[in-house]
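Bear in mind these aren't lab numbers, they're just calculated from the coordinates by the rules spelled out. Quantities reported herein were computed from a predicted structural model and do not represent experimental measurements. Neighbour counts are summed over all protein chains in view; Cβ atoms, including those assigned to glycine, are modelled from backbone coordinates with ideal geometry.
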Amino acid sequence: MSTQSASARETTEGTVYTVTGGDWDEVVQTAAKADDERIVVNMGPQHPSTHGVLRLILEIEGETVTEARCGIGYLHTGIEKNLEYRTWTQGTTFVTRMDYLTSFFNETAYCLAVEKLLGIEDQVPDRATIIRVLLMELNRLSSHLVCIATGGMELGATTIMIYGFRDRELILDLYELITGLRMNHAFIRPGGLAQDLPPGAVDHIREFVKKMQKNLPEYDKLATGNPIFKARMQDVGHLDLTGCMALGATGPILRSAGLPHDLRKAQPYCGYETYDFDVPTTDTADAYGRFLIRLEEMRQSLAIVEQCLDRLQPGPVMVTDKKIAWPAQLALGPDGLGNSLDHIKKIMGTSMEALIHHFKLVTEGFRVPPGQAYAAVESPKGELGVHAVSDGGTRPYRVHYRDPSFTNLQAMAAMCEGGQVADVIVAVASIDPVMGGVDR
Amino acid sequence: MSGANGNGTNGTGGGADRPNPDKDLGASNLPGQRGDGGEEIRVQRGMFGADSGGDTSGYGGLVRSIRLPGPATRPYGGWFDEVADELEGALEEQDLLPENVIGKTVVDRGELTFHIEREHLPRVARTLRDDPALRFELCTGVSGVHYPADKGRELHAVYHLRSITHNRLIRLEVSAPDSDPRIPSLVGVYPTNDWHEREAYDFFGIVFEGHPALTRIMMPDDWQGFPQRKDYPLGGIAVEYKGAQIPAPDQRRSYS
């Protein structure tokens, strides 16, 4: 058969139909006529509902998926390899691009690992740590918003997508205000932060919190009780606790199976033990449960953001060790963020030693004592781990990211096999994989 | 050999009355070297990555040994001893001599690392997972590291195991020579390692024996070579910036 929507061609593997949109029934009918009942459907890597460049290979029987596999690697950019050719400080510029929806988590995890290698965890100023937590929790909100928004869109619920991106925009505005960039910030640096919060940032964030407290219930009203939404999500993408542990699934997937495991509580970092928040769980182990968990986590994050704002005290945002901290307070110039004019005047005009020190620190970077360290943070998707190895040089010897999207995506087969084709989309959306993180 | 290294990087100046900072094992945040302790993984000569032509840098005679933290002695401190005791006990119950299985135990930066002989890795992992006193249920995957100058132990596979029951994290490290890059697969114990092992194979060429389908995962199927090995070039082209040619990242001067 050959129609406009599904042209057939003979290959050594049998008849291959190239589906280009159109009538699905036609394809199914034609396929039913063929002797071979096994249909392998390739979905992606360029398909709007596969969350980026994810390729799904589905073996189907009628509407039932009998086998599901992922093809990944389409967004592999060799970030881990690249890190080995830059200084430790430059590393943040790379890692922020891995899972581009959770930039601050990538940066924090990397910096925590470098700080562990340097042995300066205790010297990072309080203000820097609080701002890190603040940014991470804002980031958790924006990541979950994208998950819920795109997840909704993939179900055909476009309203929830508009809502999600509307609220994410508010957060991106805050990022822009604080770091100068909407994505790929490289704001968190080994030893602290690139710079302090700009004037007025706290007021802006407070205003945002107020707005968000009003907007968050809209998701509940729109989706939580919505019978269509529930029918599409409930009992779909099922993965129980045993499956989670075996497949290494963490984050909302693990918590939807009923285990309240959250690194912020279990192995606190950045002073999370001093914040007041809950770890929501459900026992449904399905996509709907994960949706509810993400909603609740957004509320908790908002509460943590408020606590951060209450705690902020004036102070430094970088370690005092002059051999690690870049010597200048950075300032925004016409060509982007750079050294402040005052600092340039000082090193160029008055102090040769300061100039040498600045030059060596920026071009060479600092040395990190040999050894290895593992630092993990609870990203919106689960355990984000960084294994950093130093050989005593000014560049990382090896940095490996244990990205939760990568690990969680393995659960796709377990969630989808035996289910309907349409449920594959829901299951994948409930995993919330971001290919930038999966492929790195 | 150590004096040259200390200059300019530790910032203390170097008066004759001061102790040699490179020999000061207790010092924190020091560059490069930690006295003569630890395991040597490489000897580095010269600086700036220059290895051809005459020595114009003046650093050509510099010899520096790169050492990773060496084995720790008991007590390891905290719950580390408990885990080590339990693991050794459990291995003895399985008629294995702990000293044959655990090459060395390293405690560094508040982290516990067991270096495991590769043939015993699956047994050790299964013990760590199933023993009620150990119960490391979650494996966070495997990270490959390449030490080309560490002869006979060039390829390392590093596993981080998390126990949710006891709220602990340990590290297992296994090494294999370049000439025989085989390490037993842990997919049977931790199915999550499926993709992680494929990734380590893809980038380092570590062959995980017993893996159900060890194929490339990130690179194209017909890719030649293993990109994250140290001898594999990063690649890239020179870029012009404000009139100057900036060389490709792997052609730039190295200070390490």
Using only Cα atoms, tell me the angle between helix A:287-311 and the longest principal axis of chain A; keep it within 0 to 90° and round to the nearest 10. 10 degrees
For labels at residue B:164 and residue B:85 in the simple 7 Å Cα→Cβ model, what's the distance in nm? 2.8 nm
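Taking every residue in B:192-205, how many Cβ atoms of other protein chains lie within 10 Å of its Cβ, on average? Could the numbers behind the result be given before it?
Working: counts 11, 4, 5, 9, 6, 0, 1, 7, 1, 0, 2, 5, 0, 0.
If you average over the peptide's residues, the count of other-chain Cβ atoms is 4.
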Using only the alpha carbons, work out the radius of gyration and Dmax of the protein assembly as shown in angstrom. 26.4, 92
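Evaluate peptide B:137-149: per residue, the Cβ atoms of other protein chains within 10 Å of its Cβ; return the mean as an integer. Each step should come with its number before you reach the end.
Details: counts 5, 10, 5, 12, 10, 3, 13, 3, 6, 2, 4, 0, 0.
What the average comes to for B:137-149 is 6.
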Please work out the FRET efficiency for the pair residue A:321 and residue B:100, using the Cβ-Cβ distance as r and a Förster radius of 56 Å; give the result to the nearest 0.05. 0.80
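Taking the Cβ of residue A:434 as the center, what net charge do the other residues with Cβ under 13 Å away carry, scoring Lys and Arg +1 and Asp and Glu -1?
-1
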Return P(r) of the range B:80-209 (all Cα-Cα pairs; 5 Å bins starting at 0; whole %; ordered from short to long distances). 2, 11, 22, 25, 20, 13, 6, 1
Once you have the Cα-Cα distance between residue B:224 and residue B:133, take 0.36 nm times their residue separation minus that, and quote the gain in nm to one decimal. 28.3 nm
R0 of 60 Å, Cβ-Cβ distance residue A:122-residue A:59: FRET efficiency to nearest 0.05: 0.65
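Would you mind ranking B:79, A:88 so that the residue whose beta carbon has the fewest other beta carbons within 10 Å leads the list?
Fewest-to-most Cβ neighbours within 10 Å comes out as B:79, A:88.
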With each pseudo-label sitting 7 Å past Cα toward Cβ, what's the residue A:224-residue A:165 distance in nm, one decimal? 2.6 nm
Between A:258, A:52, A:349, find the one with the highest GNM mean-square fluctuation for chain A; connect C-alpha pairs within less than 10 Å. A:349
GNM top mover of A:352, A:183, A:212 - chain A, alpha-carbon springs below 10 Å: A:352
Given Cβ charges of +1 for Lys and Arg and -1 for Asp and Glu, the option among A:96, A:327, A:277 whose Cα lies farthest towards the positive end of the dipole of chain A is A:327
Roughly what angle does helix A:352-363 make with the longest principal axis of chain A, taking Cα atoms, 0 to 90 degrees, to the nearest 10? 10 degrees
Once you put a point 7 Å from the Cα of residue A:158 and another 7 Å from the Cα of residue A:69, both along the Cβ direction, what distance in nm separates them? 3.6 nm
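Calculated FRET efficiency, residue B:43 and residue A:210, Cβ-Cβ r, R0 51 Å, to nearest 0.05? Mind showing how you got there, number by number?
Numbers: r = 61 Å, r/R0 = 1.20.
It comes out at approximately 0.25.
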Cut-off 19 Å (backbone N to label point 7 Å along Cα→Cβ of residue B:119), residues of the range B:168-195: B:173-186
